[in-house]
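Each reported figure results from applying straightforward, stated rules to the coordinates on display, with no laboratory input. Here the structure is a predicted model, which is why all the values come from computation and not from measurement. Here Cβ is always computed from backbone atoms with ideal geometry, including for glycine, and neighbour counts include all displayed protein chains.
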Amino acid sequence: MIPLVKSYLPPKKVLMKRLEDVLYSGYIAQGEAVDQFENDFSKFIGNKYCLSVNSGSSALHIALILCGVKEGDEVISTPITAEPTNTVIAQTGAKIVWGDIDMKTGNLCPKDVESKITKKTKAIMAVAYAGMPIDIKRFKEIEKKYKIPVIEDAAHALGASYKKQKLGNHFNFTIFSFQAIKHLTTIDGGMLFLANKKQYEKAKLIRWFGLDKNKTRFKNNISVQGYKYHMNNINATVGSVQLKYFDKILGAYIDNGKYFDHALKNIDGLELMEYYDYSEPSYWLYTMKVKKRARFIKMMESNGIMASPLHKRNDVHSIFKQSKTNLPNVDSFNKEWVHIPCGWWVAHKDRKFIADTIKKGW
Ligand SMILES: *Cc1c(COP(=O)(O)O)cnc(C)c1O
């Protein structure tokens, strides 16, 4: 079966040598290897306000804290995402207000978001779902007009760009995840990108119990609530080695995605996604809408190709029942969306086989 997701790890000889060195160095907590990875990664994205953490969820939590989100506030978010996007909002005690999606992309609809802004809205959580940038132009306008920060959950969209600049440069808060099945894994980990030094310094304190690592324990005075969210030298070492191979890995996702954009045009019962102007997706999953989805999935599976919607719409979880609202576009999208494999493990012959199989019908 060609899987939908698969973890890439660098060649054993290279990675194990580096891991052995750090594991037995006597220093495995947050140290030089973490600084190195942050440096390497911030260069890759092109933004120096880059803070490593132990998960994408931790990065989201810090972003929400910096937006001042507290119990009783509202955060507008999308149900078309992986659960952590929304469980982390719940963690702050804020109420989630569901925005509907743009049918053409599956991402949060700026117009619907705008109609749901109230005095209580403290942040907008927008997910670059499956690797496709959100409507950056419109969300930047909303951010400016209402002075409500957008948190860009780019856990699926490492390497995606807008106007030739990678995600991580467009909003005050962008997060990435290095969890096992994402584009780049450090086994587990995450990154938070910020827009200025002040926010960066605050985020750094929150990452480490509220303690300032530049002062001794005895000179420290904890004045903000912090958490144990830092990355350690082991995960960071995996990250730095991964980055050396990443252009090739990312390139394979994008090349396969573009191949499907062409090869799957004009097929009966199949609708491709659209991308916003100047957006370059990084195709973590290849998303499309199909009629008779159950039959499509069965047909693909009988040909050894995994196809699935992967995520359950988040608004149906009972923990979010107070937020229940009518989302006609999500309802309709939810009947037809499906992903097909498009990552680094999908070879040229595989992608041709996938396209040919779909063209035969279901
Ligand atoms: C994976 C993921 C996260 C959280 O990442 P972790 O590193 O697993 O905490 C957040 N948002 C989305 C959309 C994700 O897919």
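Put a dot 7 Å past each Cα toward the Cβ at K120 and N196; how far apart are the dots in nm?
Placing both labels 7 Å along Cα→Cβ, they lie 2.9 nm apart.
Can you run phi through the Karplus equation (6.51, -1.76, 1.60; θ = phi - 60°) for the range 144-153 and list ³J(HN,Hα) in whole Hz, with x for Gly and Pro?
Rounded to whole hertz, the list is 6, 5, 9, 6, 10, x, 9, 9, 9, 7.
Among V14, V346, what is the fewest-to-most ranking by other Cβ atoms within 10 Å? Walk me through the numbers on the way to the answer.
On the way: V14 13, V346 25.
Listing V14, V346 from fewest to most nearby Cβ atoms yields V14, V346.
Using Cβ contacts closer than 10 Å as the measure, can you line up V224, V75 from fewest to most? Don't skip to the answer; put the middle values down first.
On the way: V224 10, V75 24.
The most exposed by this proxy come first: V224, V75.
In nm, what is the difference between 0.36 nm times the number of residues separating K17 and I222 and their Cα-Cα distance?
Values: separation 205, 0.36 × 205 = 73.80 nm, distance 3.86 nm.
Separation in residues times 0.36 nm, less the Cα-Cα distance, equals 69.9 nm.
Show the residues, 5+ positions off or on another chain, whose built amide H is closer than 5 Å to the amide H of I101.
So I101 has HN proximity to C109, N329, V330.
Need one number: nm distance between label points at E83 and S308, each 7 Å from Cα along Cα→Cβ, rounded to one decimal.
If labels sit at E83 and S308, their model points lie 1.4 nm apart.
Which three extents, in angstrom, do the Cα atoms of the chain have along their principal axes, listed largest first?
Largest first, the chain extends 70, 56, 37 Å along its Cα principal axes.
Within the range 28-135, what is the number of lysine pairs with alpha carbons under 21 Å apart, leaving out pairs fewer than eight places apart on the same chain?
Lysine pairs meeting the criterion: 14.
Could you list M1, M288, M132, M125 in order of exposure, starting from the residue whose Cβ has the fewest other Cβ atoms within 10 Å?
Values: M1 10, M288 21, M132 26, M125 29.
Sorted ascending by nearby Cβ count, the order is M1, M288, M132, M125.
Scan the range 39-135 for GluC sites (Glu not before Pro) in coil per DSSP, keeping those whose Cβ has at most 16 other Cβ atoms within 10 Å, and list them by number. Walk me through the intermediate numbers first.
Numbers: sites: E71, E74, E114; in loops: E71.
Answer in residue order: E71.
Starting from the Cα coordinates of the range 45-158, work out the convex hull volume and express it per residue in Å³.
On the way: hull volume 11.7 nm³, N = 114.
Given the Cα convex hull of the range 45-158, per-residue volume reads 103 Å³.
Kindly work out what percent of the DSSP beta bridges joining two residues of the chain are antiparallel, to the nearest 5.
Numbers: 23 of 38 bridges.
So the antiparallel bridges amount to about 60 percent of the total.
Relative to the present Cα-Cα distance, how much length would full extension add between H262 and K248 at 0.36 nm per residue of separation?
Numbers: separation 14, 0.36 × 14 = 5.04 nm, distance 2.12 nm.
Taking H262 through K248 to full extension adds about 2.9 nm, to one decimal.
Taking N as the number of residues in the range 168-320, what is its Cα Rg relative to 2.2 N^0.38 Å? Intermediate values should be presented prior to the final figure.
Details: Rg = 21.1 Å, N = 153, 2.2 N^0.38 = 14.9 Å.
Rounded to two decimals, the normalised Rg is 1.42.
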